[in-house]
Amino acid sequence: EAIVALPLGLAITDGVAVAALKKAYASVLRKEAEHFLPRRVRAIAIERGFLVKRIQFNNAKTRWGSCTSEGNLNLNIALMKLPHALIDYVIIHELCHTKHLNHSAAFWSLVEANCPTFKQNRQELKQFHPYI
């Protein structure tokens, strides 16, 4: 939960105020992401037999996460806006890319084996947007 205090007379529609709020919100999300996500990724990876080399954070406008060919994960700080079940789905999705760098049938089979509710999770995820 975040509480924002604005000076009297400063409207939330003021461009400067909106930019400052977005910057502050992104800073809070980044701190939460850096604290929570690495531990969660590593716990899921160990539990399910995946290897992750490095975890980085971004504030992408269109993606929740990505995986490099080296097995590094890039996760959007906006994941922290999601329910934990959807965070776990995105993490599992990206971990599966460490074994299949595509969206082939083999990839989706691996996702389903590690997240039986993935179809429902994908639908729920469409209600959210990765941008701040």
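Odds and ends about this structure:
- Ignoring the sites themselves, the chain has its longest run without trypsin sites (Lys or Arg not before Pro) in a DSSP loop having at most 15 other Cβ atoms within 10 Å at 1-52.
- Calculated FRET efficiency for the pair Ala24/Gln120, C-beta based, R₀ 22 Å, to 0.05: 0.10
- Dipole of the range 15-125, positive direction: furthest Cα of Gly15, Asn102, Ile44, with charges on the beta-carbon: Gly15
- Helix 84-96 axis, angle to the chain major axis (alpha carbon atoms, nearest 10°): 50
- Cα Rg, Dmax (largest Cα-Cα span) when computed across the range 83-132, Å: 10.9, 33
- Comparing Asn74, Asn121, Asn102 in a Gaussian network model of the chain, where Cα atoms under 10 Å apart are tied by springs, the biggest mean-square fluctuation is seen for Asn102.
- Lys pairs under 21 Å by Cα in the chain, provided they are eight or more residues apart or on distinct chains: 15
- Taking the empirical scaling 2.2 N^0.38 Å for compact globular proteins as reference, the range 15-125 has a Cα radius of gyration ratio of 1.11.
- Ratio of Rg to Rh for the range 19-72: 1.04 [Cα atoms; Kirkwood radius as inverse mean 1/r over pairs].
- Within-13-Å neighbourhood charge of Tyr131 [Cβ basis; K, R +1; D, E -1]: +4
- The calculated FRET efficiency for Ile12 paired with Arg39, based on their beta-carbon distance and R0 = 25 Å, is about 0.15.
- Its relative contact order, with pairs defined as Cα atoms under 8 Å and 6+ residues apart, puts the chain at 23 percent.
- Label-point gap, in nm, between Phe107 and Glu47 - each point 7 angstrom along Cα→Cβ: 2.4
Every number here is computed from the coordinates shown, using simple stated rules; none is lab data. Please read all numbers here as calculations on a predicted model, not as lab measurements. With ideal geometry, Cβ positions are generated from the backbone for all residues, glycine too; neighbour counts draw on all protein chains shown.
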